[in-house]
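Please read the structure below before turning to the comments.
The values are calculated or read from the model by the stated rules, or taken from the named source; none is laboratory data. Every value quoted in this text rests on a predicted model; they were computed, and no experiment measured them. Here the Cβ positions follow ideal geometry from the backbone for every residue, glycine too, while neighbour counts run over all protein chains shown.
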Amino acid sequence: MPMIDADGCLINVSVEGRDGGPTLMLSNSLGCTLQMWEPQMKALTQIFRVIRYDRRGHGKSNVPPAPYTMERFGRDVLAILDDLNIEKVHWCGLSMGGMVGQWLGANAPERFGKLILANTSCYYAEPTKWLERIDALKKGGIAAVADAVIAGWLTQDFREREPDIAAKMKSMLLATPVEGYLACCEALSTLDQRELLPEIKSPTLVIAGRHDMATPISAGELIRANIPGASMTIIDAAHISNVEQPHAFTDAVVGFLTQR
Ligand SMILES: O=C(O)CC1=CCC(=O)O1
């Protein structure tokens, strides 16, 4: 896996799949690594060249000091594409990955074909929950917030049915460097990209989770309504919908990206 330099921050990048196929870039959620996309990889790599990466502050990427911003996360993506000499990709980002996708769709439209913005928000009307999480993290690290975060990621029903997957997701979360996680929470506490949405001209699919309390259907609907021509699909899942409903998620991605 190459480590790519984005303005001094080494980003862990993986490129797999069909050589010469269209390229799809996947972007992770807060507290996850590029491993979160494992349920999709078998299907997606048969059709696409798939780029995954660990956002700065996560996984095997560097953890530069705060502050982090959506612009910085977006420029990291452009640095990856430049380094790999790739002109244009489709984008699928979940949660924070969807937020970075909004920034990129508005600020670097020539680099993106279609956009999939899954389980995401363009702003938080009430930043209190981020401020409380930041406080808890400073006192007790990620362990202090892990159970509440996992309860938001996966429905109780799924956690009981698939305890091994739930445990794996929790390990991924707990392995996140706390400084990187904190810096991302700080960026989320001031997120407001509402004005960017009408600038997005790429064909866009918004995916929302029926049981997602972190970025509810109403947050997805706000994004859909403000991006010209965007459509929306609702999946029967909580926040990390690609893990909870892997087939429905993959079908939505492949269906949207392969339709003319
Ligand atoms: O991890 C969470 O609690 C939910 C979330 C919000 C933004 C994101 O990337 O994850």
Open item on the list: Looking at segment 180-195, I want the residues that are at negative phi and have a partner that is more than 13 Å from the ligand (Cβ to nearest atom) and in a helix (DSSP H, G or I) with Cβ atoms under 8 Å, at least 6 apart or on another chain. Which pairs are those?
Closed with: 182/138; 189/131; 193/103; 193/106; 194/222; 194/226
Open item on the list: Looking only at segment 225-260, count every residue that is more than 21 Å from residue 163 (Cα to Cα) and touching a Ser or Thr at 6+ places or on another chain (Cβ under 7 Å) and tell me the total.
Closed with: 3
Open item on the list: I need the full set of residues from segment 142-162 which are within 15 Å of the ligand (Cβ to nearest atom) and either small (Gly, Ala, Ser) or not in a helix (DSSP H, G or I) (or both), in order please.
Closed with: 143, 144, 145, 146, 148, 151, 152, 154, 155
TODO: Hand me the list of strands (runs of 3 or more DSSP E) wholly inside segment 1-100 holding 3 or more residues that are within 16 Å of the ligand (Cβ to nearest atom) and under 25 Å from residue 130 (Cβ atoms).
DONE: 89-94
TODO: Considering only segment 123-135, state which residues are part of a loop (DSSP other than H, G, I, E, B) and among the charged types (D, E, K, R).
DONE: 126
Open item on the list: Report every pair of residues separated by at least 6 positions or lying on different chains whose Cβ atoms are under 8 Å apart, first residue within segment 118-147 and touching a residue at least 12 places away in the same chain (Cβ under 8 Å) and among the aromatic types (Phe, Trp, Tyr), second part of a helix (DSSP H, G or I) and more than 12 Å from the ligand (Cβ to nearest atom).
Closed with: 123/194; 130/186
Open item on the list: Filter segment 102-122 down to the residues that are at positive phi and either part of a strand (DSSP E or B) or modelled with pLDDT under 95 (or both) and list them by number.
Closed with: none
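Per-residue answers, yes or no, for (1) of a type in the set (Ser, Thr, Tyr); (2) closer than 23 Å to residue 146 by Cβ:
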residue	(1), (2)
170	no, yes
178	no, yes
190	yes, no
195	no, no
200	no, no
208	no, no
234	no, no
240	no, yes
254	no, no
TODO: Considering only segment 10-34, state which residues are surrounded by fewer than 18 Cβ atoms within 10 Å (Cβ to Cβ) and in contact (Cβ under 8 Å) with a residue 60 or more places away in the chain.
DONE: 15, 22
